[in-house]
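Laboratory data are not the source of any read-out in this text; all were calculated from the coordinates shown. On a predicted model such as this, the values are computed, not experimentally measured, just so you know.
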Amino acid sequence: MTQGNQRPDRTVLYALASHAAGDFPLQTDWMAENKFDSPVARAVHVAVYTSAFVPLAFGGSWTRQQATAFLTTLAATHMAIDSRRWNDAVPIWFDQALHVIALAVAVAVADAS
């Protein structure tokens, strides 16, 4: 966040918008229906999802190393969350909360890199 009358940091807004794009309109019905049972469908979904964040990762103030750390963390956490056969009864809000927490972790990892 910046101080004074400068514009606030928009990373959070852009990250949430990228998440929404990657997890909903860019996710095909095939991905959604098969990602829990098919490692291929899950990998395709994670690749498409992560690609929605490329403009954020490389278009801001992060170094290439930070952007790569962000995208790697994001992909790994998304793969883990969408591998959640540990609880088929998880409601959508819980799933989305895990993704937002993972997004915050990925930003923190990038900022620390």
Item to check | Radius of gyration and Dmax over the Cα atoms of region 62-108, both given in Å | outcome: 12.1, 40
Item to check | the chain - mean residue ellipticity at 222 nm from DSSP helices (-39,500 (n - 2.57) per run, n ≥ 4, rounded to 500) | outcome: -21500 deg cm²/dmol
Next on the checklist: Apply the Karplus curve 6.51 cos²θ - 1.76 cosθ + 1.60, θ = phi - 60°, to the phi angles in region 29-46 and return the couplings in whole Hz, x for Gly and Pro.
Outcome noted: 4, 4, 4, 4, 6, 10, 5, 7, 9, 10, x, 5, 4, 5, 5, 5, 4, 5
